[in-house]
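Everything below concerns the one structure shown next.
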Ligand SMILES: [Zn+2]
């Protein structure tokens, strides 16, 4: 991984924000980037076929079943069969990167320190652990 911090990334993104500096441009570009992430996943299924989505209702164990949260995690399905081929993985990584770019751009124009957001989220994850069931 490249040697940079979230603060470095945010500073670089902020420096690049010239043409799309308006918050309206940033939030709509973020929404577009987010949709392109979903499109990349869909195309891996419907165009390439390297992945399949086999979705059904998640079957939770009965409350009487003595099961740990980590056991429960093993039971819950991603609904994905197969795995991304190199091309689809590259496409999805590109779209995730663009999405991250505009998310950080939103932080910049709104005066939010992305590093602080990540630090707070990191601490919340460690504090809640498996109880963070979003
Ligand atoms: Zn593929």
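Taken together, the values in this text are just the output of simple stated rules run on the coordinates, not laboratory data. Keep in mind that what you see is a predicted model, and the values were worked out from it rather than measured. Cβ sites come from the backbone with ideal geometry, for glycine too, and all protein chains shown count toward neighbours.
With both labels modelled 7 Å from their Cα along Cα-to-Cβ, the residue 81 to residue 52 distance reads 0.3 nm.
Placing a pseudo-label 7 Å from each Cα along the Cα-to-Cβ vector at residue 120 and residue 24 gives an inter-label distance of 2.8 nm. Between the helical axis of 86-110 and the longest alpha-carbon principal axis of the chain there is an angle of about 60 degrees.
Place the peptides 22-28, 101-107, 122-128 in order of packing, highest mean first, counting for every residue the other Cβ atoms within 10 Å and averaging per peptide.
Values: 22-28: 14.1, 101-107: 20.1, 122-128: 9.9.
Per-residue Cβ counts within 10 Å, averaged per peptide and sorted highest first, yield 101-107, 22-28, 122-128.
Name the residue, out of 62, 116, 83, whose mean-square fluctuation peaks in a Gaussian network model built on the chain with Cα pairs under 10 Å. Taking springs between Cα atoms under 10 Å, the residue moving most is 62. Would you mind checking the tilt of helix 23-43 against the longest principal axis of the Cα atoms of the chain, expressed as 0 to 90 degrees and rounded to 10? Compared with the principal axis, the helix lies near 40 degrees.
Note on the chain: along the principal axes its Cα atoms extend 56, 41, 30 Å, ordered by decreasing extent. What's the angle, to the nearest 10 degrees (0 to 90), between helix 6-16's Cα axis and the longest principal axis of the chain? That helix lies at roughly 50 degrees to the long axis.
For the range 21-89, the share of alpha carbon pairs falling in successive 10 Å distance bins from zero is 17, 28, 26, 22, 7, 1 percent.
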